[in-house]
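> To start, I am sharing the structure in question, which I have written as structure tokens.
The values are calculated or read from the model by the stated rules, or taken from the named source; none is laboratory data. All of these numbers come straight from a predicted model, not from anything done at the bench. Cβ: placed from backbone, ideal geometry, glycine included. Neighbour counts: every protein chain shown. Areas reflect the complete protein model, heavy atoms only, side chains present, ligands, DNA and RNA absent. Shrake-Rupley method; radii C 1.70, N 1.55, O 1.52, S 1.80 Å.
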Amino acid sequence: MDIETWINKGIESAMLYGPKIIMAIIIWIIGFWLINKLMKRVAYLMEKRDYDPSLRKFLVSLLNWSLKILIILAILGTIGVQTTSLAAIIAAAGLAIGMALQGSLANFAGGVLIIIFKPFKVGDFIEAQGVSGTVKTIDIFTTTLNTFGNQLAIIPNGKLSNENIINYSAENTRRDNIITGISYDSDIKKAKNILLDIVNNYDKVLKTPAPEVYVNELADSSVNLSLRYWATNQDFWNCHFYTIEEIKARFDKEGIEIPYPHQVEIQKTI
């Protein structure tokens, strides 16, 4: 093949692929410039909305690589590479990985929902999945609670985000409901006045809303009274334990009987 033929083929190739290569370079430069601008904007918005740092970093990285893959596929398509089969391979690989990591992905999705919607935060006392405790950490895949007994409970976020959650710290105050049984022979009004006197004279019990006492149930062996009062989250348990102890002491002092099972020994005579 002579030089003239080589030159002609070179010119034909340049005329055929040159515009495509130039277009691919333009797409590369503009595409990656736009991605960098978009990533900075997304990171700024996430930081402004107080997204968790670990979640923010992961989401920015995931979006960044996803957009870059799309740019690369667009460039390959521009220069004439068939990307249909390549996209199908990538989709099949993604599906296989998703099936293999189904549980982990569910936990990740749950972690994202918890961090975004914030049903609780670090330091809140919650009850979920049969466990009660103070939230110690909220990670992407799990949430860690410090239980009342100072044990660590690690709960997968997938289950946590799909079940009921009781957040005891969401409000500043809580209402207690203490059920106390008295005998049928005891004076109901006197017992109610004693219960109200106990909580009204304890400075940690809130006076608004006012404490209340109701007859809750006429049980088989007792009249059950319901004492309801409000306290701050900080003072709730102090009020609860103090009130229970004072009820026993005051009822004994005032002659109000609290029924309890009795065992009677029967002697047989032969």
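> At 0.36 nm per residue, minus the direct Cα-Cα distance, what do Glu47 and Ser61 gain on full extension? Give it in nm, one decimal, please.
That pair, Glu47 and Ser61, stretches by 3.6 nm at full extension.
> Along the Cα-to-C-beta direction of Trp237, a point sits 7 Å from the Cα; which residues of region 122-154 have their amide N less than 16 Å from that point?
Only 123-128, 131-136, 145-153 fall inside the zone, counting backbone N under 16 Å.
> Which Cα, out of Ile154, Asn233, Thr143, lies furthest along the positive dipole direction of region 138-256 (beta carbon charges, K/R +1, D/E -1)?
Projecting each Cα onto the dipole axis, the largest value belongs to Asn233.
> With each pseudo-label sitting 7 Å past Cα toward Cβ, what's the Ala153-Arg250 distance in nm, one decimal?
For the pair Ala153/Arg250, the computed spacing is 3.3 nm.
> Output the relative contact order of region 173-252, whole-number percent, from Cα pairs under 8 angstrom with separation of 6+ residues.
42
> What is region 119-239's relative contact order, in percent, from Cα pairs under 8 angstrom and six or more apart in sequence?
Result for region 119-239 is 22 percent.
> With Cβ to Cβ distances under 15 Å as the rule, what net charge do the other residues near Arg175 carry (K, R +1; D, E -1)?
Details: positive: Arg174, Lys204, Lys207, Arg228; negative: Glu171, Asp176, Glu212, Asp235.
Its environment carries a net charge of 0.
> What figure, in Å² to the nearest 10, do you get for the accessible area of Arg250 with a 1.4 Å probe and non-protein molecules left out?
60
> Please find the FRET efficiency linking Phe117 to Tyr184, where r is the Cβ-Cβ separation and R0 is fixed at 35 Å, and quote it to the nearest 0.05.
It comes to 0.10.
> Right, next: Subtracting the Cα-Cα distance from 0.36 nm times the residue separation, let me have the gained length for Val215 to Leu105 in nm, one decimal.
Going from the current span to full extension adds 34.5 nm.
> In nm, give the distance between the simple-model label positions of Asn146 and Trp28, each being 7 Å from the Cα along the Cα-to-Cβ direction.
In this crude label model, Asn146 to Trp28 measures out at 5.3 nm.
> What lysines sit close enough to Lys121 to cross-link, taking a C-alpha to C-alpha distance under 25 Å and skipping anything fewer than 8 places away on the same chain?
Hits, sequence-local ones excluded: Lys48, Lys57, Lys136, Lys159.
> What residues qualify as long-range amide H neighbours of Lys121, i.e. H under 5 Å apart, gap of 5 or more or another chain, H built at 1.01 Å from N?
Sorted by chain and number, the residues that satisfy this come to none at all.
> Tell me, rounded to the nearest percent, the portion of alpha carbon pairs in region 102-253 spaced more than 23 Å apart.
51
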